[in-house]
1. I need a count of the residues in region 314-330 that are modelled with pLDDT of 95 or more and assigned to a loop (DSSP other than H, G, I, E, B).
2. Could you check, for region 280-290, whether at least one of its residues is in a strand (DSSP E or B), touching a residue at least 12 places away in the same chain (Cβ under 8 Å) and not hydroxyl-bearing (Ser, Thr, Tyr)?
3. What strands (runs of 3 or more DSSP E) completely inside region 1-118 contain at least 3 residues that are modelled with pLDDT under 95, at negative phi and not assigned by TED's automatic domain parsing to the domain that holds Gly298?
4. Filter region 135-158 down to residues that are at pLDDT 95 or above, in contact with a strand residue (DSSP E or B) (Cβ under 9 Å, 6 or more places away or on another chain) and among the aliphatic types (A, V, I, L, M), then give me how many there are.
5. So for region 120-131 (the condition being assigned to a helix (DSSP H, G or I), modelled with pLDDT under 95 and among the hydroxyl-bearing types (Ser, Thr, Tyr)), does at least one residue qualify?
6. Hey, any hits in region 34-56 for a residue that's more than 25 Å from Ala285 (Cβ to Cβ), basic (Lys, Arg) and surrounded by 14 or more Cβ atoms within 10 Å (Cβ to Cβ)?
7. Would you tally the residues in region 267-279 being more than 20 Å from Gly40 (Cβ to Cβ) and either under 15 Å from the mean Cα position of the chain (by Cα) or touching a residue at least 40 places away in the same chain (Cβ under 8 Å) (or both)?
8. Identify the residue in region 159-173 that is part of a loop (DSSP other than H, G, I, E, B) and modelled with pLDDT of 65 or more and, among all such residues, is nearest to Ala107 (Cα to Cα).
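The values are calculated or read from the model by the stated rules, or taken from the named source; none is laboratory data. Just so we're clear, the structure is a prediction, and the values are computed from it rather than from any experiment. Note: ideal-geometry Cβ built from the backbone for every residue, glycine included; neighbour counts use all protein chains shown.
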Amino acid sequence: MLVAATCLAVASQAADVPQWQSQVERMVWVVADTDAVVAGWRKVQLVETMQSQTLNAELRFRGDPVKARLRWTVARFGDTIVDFIQPVEGTNAFRAFHKQHGDGVMALVHRVENTVALEQEIARYAAAGVGILQDYRVPDPSGETRYVLFDTEAGGKYVLGLVAVGGSAYPKALAPPPVKANAQKVTQYAFAVEDLGAVSAYWERLGWPAMAITNPDLLDLQYRGKPESFAMKLGWYRHTKVPYEWIESTKEPNVYVDHMRVHGEGIHHLAFNVPIIDAATADWARRGFPTSQSGAWGEKGKPGSGRFAYLDTQKNGGIDIELLWNYRAPASH
């Protein structure tokens, strides 16, 4: 909910973690209709260019070779690569996720240096009791690229992915579009969970630092157009380029519980910073995405204060968008 610069001070996090953890290479977003979802995001100018293909992929799903027919759209969602996956035929991890959760962001994928580093991580995770959920290899004359999705969802509440790029990272005609100079930057990956302690312990076992836990003191709370007094605990990973926020509801109603009732635990929203939050929410509302929850933190008009607003974008891929505004002191003359 709150970006790093505006949250309460938190304990420093462990530095001795794999370098790949610091940055997300891409998101895997599973939906029933990729074309409709992409068109919806284009309405708010978050997805402007993309490559699409319906392909027959040979995968290994829970150790077994399978054939899957997929509608795969590679896009830039703001500044971030997204693989929108529409499972069409076959038994595979994407279809299993969609059957359980409906539309939603299934995985965050990180890049490792090479196949040797990938094999080391596979062995390390196996030693911790975590196997491979799905394995996909992209053959190329210059070298093979391998995508591995780990079976982390039950304990970690999302699927962790690693990719080792040996040649072409994509099937033919699926290279991502370039980042535009004015692309909005994703400033937060956020998750709704039932038990922060259990989730933190799970990722610690896999080599992630302990979450820093905060209890935000929020103001001016609104839920679906009415004053409300919801509350939550927040867990943070700040060793990543884009912070991770983990949310455990402690008082409802709120959008986190709403999400979990429909989709279960998992990735709840992506956040963006905006310069003028009222203008931004009004613009989103005109495009069909009203504000579902909002509030503020800090002392109004003082450094360290700010506002947040969640937009009801559930119809457009099963997650929300959060807009964040941070107070900036007027420039002195």
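1. Residues flagged as modelled with pLDDT of 95 or more and assigned to a loop (DSSP other than H, G, I, E, B) within region 314-330 amount to 3.
2. There is no residue in region 280-290 that is in a strand (DSSP E or B), touching a residue at least 12 places away in the same chain (Cβ under 8 Å) and not hydroxyl-bearing (Ser, Thr, Tyr).
3. Passing ranges, in order: 50-61, 64-77, 80-89.
4. 2
5. No.
6. No.
7. Summing the residues that are more than 20 Å from Gly40 (Cβ to Cβ) and either under 15 Å from the mean Cα position of the chain (by Cα) or touching a residue at least 40 places away in the same chain (Cβ under 8 Å) (or both) in region 267-279 gives 4.
8. Only one residue tops the list, namely Val165.
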